[in-house]
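Here is the structure we will look at, set down as structure tokens.
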């Protein structure tokens, strides 16, 4: 876990990586957020970042959500307002935290939220009923990282394979989170890649249309030339800057509101 706390700011940011991902997949956000004077927490979820993907075998989504919850609790003890940034599966964890802690979380930034996958075996897809059978026949599943920019392809951002029972648990998290969307009222910024080869681009609109957040407090930014690992692909600078601008705006709004309250009291 990486933490950096600065007493000059009441904001904290919790960054949650994706399924099979590493901290490197979201590392591009770390220093720019630090420069805003924000406390940054980047927990490594159970079974991730290990020497072997075998560490993921048998771990359920409840454990990943528990890890995210603990990191949020620690950060919220030191900061009044928390913004949660989640990539892919991390976005699903962020949504669940927002349902549980609406008063603690100031806003969500959801990058390629994994609500609808392109895999034919994923929830809502044509062959979803075969997923449990496949997991009994195949214990491991090969993974590939694709980039819109070929020069980015050498980056090691996640495991090369994954236990299939971990995939099934990830699918369970997707189905659970889909049911929770109507309970989300937190301000939300979504970043979605049109060329995503992992998450269906419709995920962004599914999220946008089903959360209970006020229309004025939710928006989608589309990236035209990035694949799933948007913080490491050709538009990474744009993706990071969009988030930095959003976080800075949330901080500004908070301070303006605090000034108004001081004047009126």
Which one of these is at pLDDT 95 or above, surrounded by fewer than 21 Cβ atoms within 10 Å (Cβ to Cβ), touching a helix residue (DSSP H, G or I) at 6+ places or on another chain (Cβ under 8 Å) and in a helix (DSSP H, G or I): 207, 173, 181? 181
Every residue from the stretch 29-45 that is surrounded by fewer than 23 Cβ atoms within 10 Å (Cβ to Cβ) and under 14 Å from residue 18 (Cβ atoms): 42, 44
Of those in the stretch 75-104 that are surrounded by fewer than 16 Cβ atoms within 10 Å (Cβ to Cβ) and without any contact (Cβ under 8 Å) to a residue 40 or more places away in the chain, the residue nearest to the chain's Cα centre (by Cα) is 100
Answer yes if at least one residue in the stretch 96-103 is assigned to a loop (DSSP other than H, G, I, E, B), touching a helix residue (DSSP H, G or I) at 6+ places or on another chain (Cβ under 7 Å) and over 24 Å from residue 203 (Cβ atoms), and no otherwise. no
Can you spot a residue in the stretch 82-91 that is at pLDDT 95 or above, under 18 Å from residue 180 (Cβ atoms) and assigned to a strand (DSSP E or B)? yes
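Out of curiosity, is residue 192 touching a strand residue (DSSP E or B) at 6+ places or on another chain (Cβ under 8 Å) and either within 29 Å of residue 254 (Cβ to Cβ) or assigned to a loop (DSSP other than H, G, I, E, B) (or both)?
Criteria met by residue 192.
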Residue selected from the stretch 184-196 under the condition under 20 Å from residue 145 (Cβ atoms) and surrounded by 15 or more Cβ atoms within 10 Å (Cβ to Cβ), by the criterion farthest from the chain's Cα centre (by Cα): 195
Residue check for residue 165: farther than 19 Å from residue 16 by Cβ, in contact (Cβ under 8 Å) with a residue 40 or more places away in the chain and out of contact with any strand residue (DSSP E or B) (no Cβ under 9 Å at 6 or more places or on another chain): yes
Looking at (1) outside any helix (DSSP H, G or I); (2) within 25 Å of residue 245 (Cβ to Cβ); (3) touching a strand residue (DSSP E or B) at 6+ places or on another chain (Cβ under 7 Å), which is the only condition residue 48 fails? (2)
The listed residue being buried (at least 22 other Cβ atoms within 10 Å of the Cβ), assigned to a helix (DSSP H, G or I) and at pLDDT 95 or above, out of 115, 108, 72: 72
What's the number of the only condition in (1) surrounded by fewer than 18 Cβ atoms within 10 Å (Cβ to Cβ); (2) out of contact with any helix residue (DSSP H, G or I) (no Cβ under 6 Å at 6 or more places or on another chain); (3) in a helix (DSSP H, G or I) that residue 225 fails to meet? (3)
Extreme residue, surrounded by the most Cβ atoms within 10 Å (Cβ to Cβ), among residues of the stretch 228-241 that are modelled with pLDDT of 95 or more and either under 15 Å from the mean Cα position of the chain (by Cα) or under 27 Å from residue 179 (Cα atoms) (or both): 239
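The values are calculated or read from the model by the stated rules, or taken from the named source; none is laboratory data. Fair warning: this is a prediction, and the values are worked out from it, not measured in the lab. When we count neighbours, we look across all protein chains shown, and the Cβ atoms used for this are built from the backbone with ideal geometry, even at glycine.
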